[in-house]
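The values are calculated or read from the model by the stated rules, or taken from the named source; none is laboratory data. Please read these numbers as outputs of a predicted model, since none were measured by experiment. Here the Cβ positions follow ideal geometry from the backbone for every residue, glycine too, while neighbour counts run over all protein chains shown. For accessibility, only protein heavy atoms count, side chains too; no ligands or nucleic acids. Shrake-Rupley method; radii C 1.70, N 1.55, O 1.52, S 1.80 Å.
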Amino acid sequence: MATKIKKGTFVKVIKEKLEGSLEAKASDIRFPAYIFESKGEILDLNDEYALVRFYTPTPSTWFRLDQLEVIS
């Protein structure tokens, strides 16, 4: 990954990496379009996951780091 993900970084979800993943199989596979089309902000991190807040009236969500793309 060229850019280091840290708190406050803006990201979007990579559809191809989320679809078919273990996380997708464990939840509803009808993902909302905003996670792929709008930017979200990293609120918290651990070794493999990032908590992302999207600027829509929805709860923040955890995603694997490899499922996220840094945007400017």
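Short-range pairs are left out: with C-alpha atoms under 8 Å and at least six residues apart, the relative contact order of the chain is 38 percent.
Entry note, the chain: the mean residue ellipticity at 222 nm calculated from DSSP H runs of n ≥ 4, each adding -39500 (n - 2.57), is -2500 deg cm²/dmol after division by the residues and rounding to the nearest 500. Taking the 1.4 Å solvent-accessible surface of the chain as the whole, the part contributed by carbon and sulfur is 54%. Charged side chains reduced to their Cβ positions (Lys and Arg at +1, Asp and Glu at -1) give the chain a dipole of some 180 debye around its Cα centre.
The modelled label-to-label distance between residue 47 and residue 26, using points 7 Å beyond Cα along the C-beta direction, is 1.5 nm. Here is the list for the range 1-46: trypsin sites (Lys or Arg not before Pro) lying in DSSP coil, each with at most 12 other C-beta atoms within 10 angstrom of its C-beta, are 4, 6, 7, 30.
Here is the list for the chain: chymotrypsin sites (Phe, Trp or Tyr not before Pro) lying in DSSP coil, each with at most 10 other C-beta atoms within 10 angstrom of its C-beta, are 55.
Stretched out straight at 0.36 nm per residue, the stretch from residue 69 to residue 39 would grow longer than its current Cα-Cα span by 9.8 nm. In the chain the longest region clear of GluC sites (Glu not before Pro) that are loop-assigned by DSSP and have at most 13 other C-beta atoms within 10 Å covers 20-47.
Heavy-atom accessible surface of the range 13-56, averaged per residue, reaches 66 Å², computed with a 1.4 Å probe.
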